[in-house]
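A short write-up of the structure that comes next.
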Amino acid sequence: MNPVVHFEIPYGNRDRIAAFYEQAFGWTMNKLGPDMGNYVVATTSDKDGPKGHRGAIDGGFFERKADWPDQYPSVVVAVEDIQGAMKKVKAAGGEVLGEPMVIPGVGHYVSFRDTEGNRLSLLQPLAM
């Protein structure tokens, strides 16, 4: 089974979105630099402490880009073999959006659309 491991939400203003989720939900934000696309990593629960929740996932925020498709909130599914998963997405009637990119220290990532037009992503983590 391939679990949902991450969520993603686009932003127009990095400081504003980080402040909102910190204030509204108490999430911890880690603003990465230009070498990581100015991504903001969100930690949503203390999984090792008393507030930890089974099945809780963390997420992140990415900068909106004029030439990127379907920039809406989405989820990321972890897979063992991204090429094999891309073939399965296509065979099931989905559409893979481009080629996998390498996220340094994380793994291989590519977005896709399901049969209903929703954008999600696949991640082949380095440690999987």
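The values are calculated or read from the model by the stated rules, or taken from the named source; none is laboratory data. Only a predicted model underlies this, so the values are computations on that prediction, with no experimental measurement involved. Because the Cβ atoms are built from the backbone with ideal geometry, glycine has one as well, and the counts that use them run over all protein chains shown.
Which pairs do you get when a residue that is within 9 Å of residue 44 (Cβ to Cβ), found in segment 19-33, comes within reach of a residue that is of a type in the set (Val, Ile, Thr) and surrounded by 12 or more Cβ atoms within 10 Å (Cβ to Cβ), reach meaning Cβ atoms under 7 angstrom, with the pair 6+ apart or on two chains?
27/43; 27/44; 28/43
Could you check how many residues of segment 104-128 are in a strand (DSSP E or B), touching a residue at least 60 places away in the same chain (Cβ under 8 Å) and out of contact with any Phe, Trp or Tyr (no Cβ under 9 Å at 6 or more places or on another chain)?
Counting residues in segment 104-128 that are in a strand (DSSP E or B), touching a residue at least 60 places away in the same chain (Cβ under 8 Å) and out of contact with any Phe, Trp or Tyr (no Cβ under 9 Å at 6 or more places or on another chain) gives 1.
Of everything in segment 45-79 that's modelled with pLDDT under 90 and touching a Gly at 6+ places or on another chain (Cβ under 7 Å), which residue is farthest from residue 116 (Cα to Cα)?
46
Of all the residues that make up segment 1-18, how many are more than 14 Å from residue 44 (Cα to Cα) and assigned to a helix (DSSP H, G or I)?
Residues flagged as more than 14 Å from residue 44 (Cα to Cα) and assigned to a helix (DSSP H, G or I) within segment 1-18 amount to 4.
Can you confirm whether residue 35 is closer than 29 Å to residue 95 by Cβ and loosely packed, with under 11 Cβ neighbours inside 10 Å?
The answer is no for residue 35.
Out of the residues in segment 95-112 that are surrounded by fewer than 18 Cβ atoms within 10 Å (Cβ to Cβ) and touching an Asp or Glu at 6+ places or on another chain (Cβ under 9 Å), state the one that is nearest to residue 40 (Cα to Cα).
Among them, the one singled out is 104.
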